[in-house]
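Asker: I'd like to ask you about the structure that follows.
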Amino acid sequence: MPQLLTKFRYGFLKLIIDALRDLAPVIIVIGFFQIVVLQQPFPNLPSVLVGVVCVILGLALFVQGLEMGLFPIGESLAIAMTRKGSLVGLLAFAFMLGFGTTVAEPALIAVAAEAADIAGQAGAINNTVEAKASYAFGLRMTVAVSVGVALVVGVFRILVGWPIQYFIIGGYLLVIGITVFAPPEIVGIAYDSGGVTTSTITVPLVTALGVGLATTIKGRNPLLDGFGLIAIASLTPIIFVLVFGIIA
């Protein structure tokens, strides 16, 4: 029992040190500009310090949770679905995983709500609670569906063995073409929508899915074929939201 407690304390201390090391550049930059450049004290310093401690603890626990939970379960699901040998089932699983992780993404919820609020103030939609809620919901569903479609395309790419660069180059050429016809007020939102797929919930599961598939399928290299799903998933929301703006 004492050995177990010692091991736990050592492991937890290592997590804290690693999180502090990762956050150190941000803390140094903010402190430098606040103290040296602006030459002002931190407003409400006790709250700031408590917040920093909470961020360090949260980051340490989050990273540990990824390693213990999300990455293993994502890989095991991908391996199990591949061994079942059902292409339709695998693609359906990829779509639902992409849709489910994205629609629950806190970053997407925040961006959609902010976009709806600004659109209402600018007169692009009716400035009512119902209209803004409908706009935000439509934007969230559009991005979530786009990520689901991206994972279907990405999984099929891994199965077939196609190079990823063709998808990325072709996708961004399509983005450029659609941008010409999209209303200007939706372009910035569309480009920012691609960033929500690189947030806390989506990245671990999507990465684990790609690596799990490439590990299971004969002839695929996890390093060459297992990664790249996030790149495709970051591209399709731009296309879908631009089209959403043209339609809506």
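Asker: Does segment 135-179 hold any residues that are aliphatic (A, V, I, L, M) and either free of Cβ contacts under 8 Å to residues at least 40 places away in the same chain or not in a helix (DSSP H, G or I) (or both), and which are they?
Answerer: Ala136, Met141, Val160, Ile169, Leu173, Ile176
Asker: May I ask you to list the residues in segment 158-181 that are open to solvent by less than 50 Å² (accessible area, probe 1.4 Å) and modelled with pLDDT of 90 or more?
Answerer: Within segment 158-181, Ile168, Gly170, Gly171, Val175, Gly177, Ile178, Thr179 qualify.
Asker: Would you check which residues across segment 119-133 are closer than 27 Å to Thr198 by Cβ and modelled with pLDDT of 85 or more and list them?
Answerer: Within segment 119-133, Lys132, Ala133 qualify.
Asker: If you check Ile239, Ile189, Ile230, Ile246, which single one turns out to be on the phi < 0 side of the Ramachandran plot, open to solvent by 60 Å² or more (accessible area, probe 1.4 Å) and modelled with pLDDT of 80 or more? First the steps, then the outcome.
Answerer: Details: Ile239 fails: open to solvent by 60 Å² or more (accessible area, probe 1.4 Å); Ile189 fails: open to solvent by 60 Å² or more (accessible area, probe 1.4 Å); Ile230 fails: open to solvent by 60 Å² or more (accessible area, probe 1.4 Å).
Result: Ile246 is the single residue among Ile239, Ile189, Ile230, Ile246 that is on the phi < 0 side of the Ramachandran plot, open to solvent by 60 Å² or more (accessible area, probe 1.4 Å) and modelled with pLDDT of 80 or more.
Asker: Would you tally the residues in segment 96-125 being within 21 Å of the chain's Cα centre (by Cα) and buried (at least 19 other Cβ atoms within 10 Å of the Cβ)? Give the derivation first.
Answerer: Kept after step one, since they are within 21 Å of the chain's Cα centre (by Cα), are these residues of segment 96-125: 96-116.
Applying the additional criterion that residues be buried (at least 19 other Cβ atoms within 10 Å of the Cβ) yields 97-99, 101-102, 105, 108, 111-112, 115-116.
Result for segment 96-125: 11.
Asker: For segment 133-148, does any single residue satisfy the condition of being more than 16 Å from Val241 (Cβ to Cβ) and either open to solvent by less than 30 Å² (accessible area, probe 1.4 Å) or among the basic types (Lys, Arg) (or both)?
Answerer: Step one: of segment 133-148, the residues more than 16 Å from Val241 (Cβ to Cβ) are 133.
In the following step, the residues that additionally are either open to solvent by less than 30 Å² (accessible area, probe 1.4 Å) or among the basic types (Lys, Arg) (or both) were identified as none.
Checked segment 133-148: no residue is more than 16 Å from Val241 (Cβ to Cβ) and either open to solvent by less than 30 Å² (accessible area, probe 1.4 Å) or among the basic types (Lys, Arg) (or both).
Asker: Here's a follow-up. Give all pairs with beta carbons closer than 9 Å in which a residue from segment 82-109 that is under 14 Å from Leu213 (Cβ atoms) and without any contact (Cβ under 8 Å) to a residue 12 or more places away in the chain meets a residue that is open to solvent by less than 30 Å² (accessible area, probe 1.4 Å) and in a helix (DSSP H, G or I); count only pairs at least 6 apart in sequence or on separate chains.
Answerer: From segment 82-109, the pairs are Lys84/Leu90.
Asker: For residues that are at pLDDT 80 or above and within 30 Å of Gly210 (Cα to Cα), scanning just segment 23-71, find the one that is most open to solvent (accessible area, probe 1.4 Å).
Answerer: In this case the residue turns out to be Leu61.
Asker: Let me ask something additional. Can you pull out every residue in segment 134-150 that is closer than 18 Å to Leu213 by Cα and either among the β-branched types (Val, Ile, Thr) or at pLDDT below 90 (or both)? Spell out the reasoning first.
Answerer: Of all residues in segment 134-150, those closer than 18 Å to Leu213 by Cα come to 147-150.
Val147, Val149 - these are the residues of segment 134-150 that are closer than 18 Å to Leu213 by Cα and either among the β-branched types (Val, Ile, Thr) or at pLDDT below 90 (or both).
Asker: Kindly indicate whether any position in segment 209-232 is in contact with a Ser or Thr (Cβ under 6 Å, 6 or more places away or on another chain) and farther than 24 Å from Lys84 by Cα.
Answerer: no
The values are calculated or read from the model by the stated rules, or taken from the named source; none is laboratory data. What you are looking at is a predicted structure, and each value in this text was computed from that prediction instead of being measured. With ideal geometry, Cβ positions are generated from the backbone for all residues, glycine too; neighbour counts draw on all protein chains shown. Protein only, heavy atoms only, side chains kept; ligands, DNA and RNA dropped before computing areas. Shrake-Rupley method; radii C 1.70, N 1.55, O 1.52, S 1.80 Å.
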